[in-house]
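Reviewing the structure listed below.
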Amino acid sequence: MLGVIGTGYLGATHAACMAELGFDVVGVDTDESKVRSLSQGELPFYEPDLPELLAKNVAAGRLRFTTDFNELANADMHFICVGTPQQPGKNAADLSYVKASVAAVAAIAKPGSLLVGKSTVPVGTADALSASLPSHLELAWNPEFLREGFAVEDTLRPNRLVVGVQSDRAENLLKEVYQSLIKDGVPWISADLRTAELVKVAANSFLATKISFINAMAEICDASGGDVTVLAKAIGYDPRIGNRFLQAGIGFGGGCLPKDIRAFMARADELGATQALEFLREIDSINLRARKRVIELVRRDLSEALKSKRIAVLGAAFKPDSDDVRDSPALDIAVQIQAAGADVVVHDPKAIEPARKRFPALNFASSIDEVLKDAEIVLHLTEWKIYREIDPVKAKSLVSKAIIIDGRNALDRNKWIDAGWQFRALGVSDKEA
C-alpha cells in the first residue's frame with residue numbers, strides 16, 4: 001500500500017496515477033471538503049484526463065481518501081506531496097507543511113517504511129528532515145516535474161525519473177514502484193538527497209530564464225523595430241537552443257516557477273552563494289516588467305486616463321488547460337487596470353470561479369460574446385484554443401472599438417488586421433502585416 005500526504009494538484013495526480021499503475025493508494029489531507037470530493041471521484045480543480053482516472057480508480061477500490069493519518073499505518077511507502085508556498089514578505093519557501101507532514105507520518109509509520117518527498121524544497125531540507133526521523137524510518141526524495149495541463153502524461157509517461165536516496169534498499173524500493181515506467185525506457189537518475197532537490201529548482205530556473213530571455217528580446221525588438229516572433233523562430237532552429245518556451249508575451253506565473261526561483265535565490269543567500277544566482281533577480285524583474293508593458297500599450301492605444309474605459313480580458317488562468325490563477329499574469333494585469341479606474345471584464349473557460357474567489361471585485365463574463373460587448377480594447381492574456389478560434393469579423397461587431405493586444409503572440413495577426421482591427425503584440429512592429 002502507498003500513502004500520499006497532501007491531495008492538492010500534485011498529491012491528487014500522484015495518488016490517481018499510482019492507483020492506475022495497480023497499487024492500493026490512500027491519500028490523506030486535513031481539508032475535509034477536498035477529501036469528500038475526491039472520495040466521490042470528483043476533482044476539486046481542473047486538469048485534463050485526471051477526472052476520469054480519479055473516478056475509475058476510486059470506483060475500482062484501489063484509491064481512497066481520508067483525513068485520518070492512522071489509516072496510513074500499514075503503508076509501505078509514503079509520498080509527501082504538500083505545498084511549499086512563498087513566505088509572506090520574503091523570497092524563502094514556507095516548509096511548515098512539509099515538516100508537519102513528515103512528523104505526522106513518522107508518528108504512525110511502520111518500521112522499514114520509506115518516506116519519499118515529492119514537494120519542491122530548498123537544498124538541504126531532506127537532510128534536515130532525515131535527521132529528525134526515528135532510526136526505523138528512511139527518507140528519499142523524488143522531485144516532480146509536472147506541467148499543468150499535462151500532469152497525467154508527465155506522471156505515467158515522464159521524460160525522466162530522479163530519485164535522491166541514502167541506501168540501495170531505498171533505491172530498490174522506488175524501482176519496484178516505478179518498474180513499469182522503467183521497463184518502458186524512462187531514464188532513471190539516482191542521486192544523493194541534495195542533488196535531487198537541486199535538479200527540480202535548477203530545471204525551473206532554466207525554464208524561467210528561457211521565457212524571460214525571449215521577453216527581453218521582445219523589449220529590444222520594440223525599441224528597434226524588429227519582430228520577436230521571427231527572431232524566436234530563427235534561433236529556435238539551433239538544436240542547442242530549441243524552440244520550446246520561446247514565445248514572447250506577458251511572462252510566466254502559476255504556483256511553481258515564480259516562487260521556486262525566489263526560494264532558490266533565498267537559499268543561495270543562506271549558503272553564501274548569492275552571486276551564483278544573481279541573474280535570477282533580473283529574470284524575475286523581466287517577467288514582472290512584461291506585465292507592465294501591456295498596461296503601457298493599453299494607455300498608449302486607448303487613453304492615458306483609464307477611468308470608466310471598458311476593457312475586455314481574455315483569460316484568467318496563468319496558462320491554458322488549467323484553472324490555476326496563482327500569480328497569474330493575466331489576472332495581475334486585469335487587477336492593475338481596474339485599480340486605475342477601468343471597467344474590466346474577464347472571461348476564462350475554466351478559471352472564473354478560482355479567479356472570483358481571489359479577486360471578487362473584478363467583473364466576470366460567462367461567454368466570449370459577453371466579455372467583448374462594448375469593449376473599447378481587448379486583451380488576449382491566456383492562450384486558450386477557444387480564443388484563437390474567435391472570428392474577428394464577428395468580434396468587431398460586438399466591441400465599441402476594434403483594438404486588440406495579443407499578450408501571448410498566439411493569434412493570427414493577419415486575420416485580425418484584415419478584419420479591420422488595430423492589432424498590437426509585444427516585440428512585434430506596429431506596421432501592418
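The values are calculated or read from the model by the stated rules, or taken from the named source; none is laboratory data. Model, not experiment: these values are computed from the prediction. Here the Cβ positions follow ideal geometry from the backbone for every residue, glycine too, while neighbour counts run over all protein chains shown. Ligands, DNA and RNA are excluded from the accessible area calculation, which covers all protein heavy atoms including side chains. Shrake-Rupley method; radii C 1.70, N 1.55, O 1.52, S 1.80 Å.
The table below lists the values:
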read-out: The stretch 142-211 - Rg (one decimal) and Dmax (whole number), Cα, Å; value: 12.8, 40
read-out: Compactness index (Cα Rg / 2.2 N^0.38 Å), the stretch 195-293; value: 1.14
read-out: The stretch 77-205 - accessible surface per residue (Å², probe 1.4 Å); value: 41
read-out: With all protein chains modelled, accessible area of residue 1 [1.4 Å, Å²]; value: 60
read-out: Helix 193-224 axis, angle to the chain major axis (alpha carbon atoms, nearest 10°); value: 10
read-out: Length-normalised contact order of the chain in % [C-alpha pairs under 8 Å, at least 6 apart]; value: 12
read-out: Restricting the stretch 372-433 to trypsin sites (Lys or Arg not before Pro) in coil, as DSSP defines it, with at most 13 other Cβ within 10 Å; value: 431
read-out: Computed over the stretch 53-135, the ratio Rg/Rh where both radii use C-alpha atoms and Rh is Kirkwood; value: 1.03
read-out: Heavy-atom accessible area per residue - the stretch 330-433, 1.4 Å, Å²; value: 44
read-out: Computed Rg/Rh of the stretch 317-413, alpha carbon atoms with Kirkwood Rh; value: 0.92
read-out: For the stretch 344-401: relative contact order, % (alpha-carbon pairs under 8 angstrom, 6 or more apart); value: 35
read-out: Residue pairs, from the table 99/292; 56/259; 90/233; 34/210; 292/319; 90/350, whose Cα atoms sit over 26 Å apart; value: 99/292; 56/259; 90/233; 34/210; 90/350
read-out: Principal-axis tilt of helix 96-108 within the chain, Cα atoms, nearest 10 degrees; value: 20
read-out: Percent carbon-and-sulfur accessible area, the chain, ignoring ligands, DNA and RNA, probe 1.4 Å; value: 52
read-out: Relative contact order, percent, the stretch 122-277 [alpha-carbon distance under 8 Å, six or more residues apart]; value: 22
read-out: Nearest-ten-degree value, helix 9-20 long axis tilted from longest Cα axis of the chain; value: 60
read-out: Cα extents of the chain along the three principal axes, largest first (Å); value: 70, 48, 42
read-out: Proximal aspartates and glutamates relative to residue 396, as straight alpha-carbon distance under 12 Å, when same-chain residues fewer than 8 apart are discounted; value: 369, 374, 376, 418
read-out: Largest-first ordering by accessible area, 1.4 Å probe, given options 68, 406; value: 68, 406
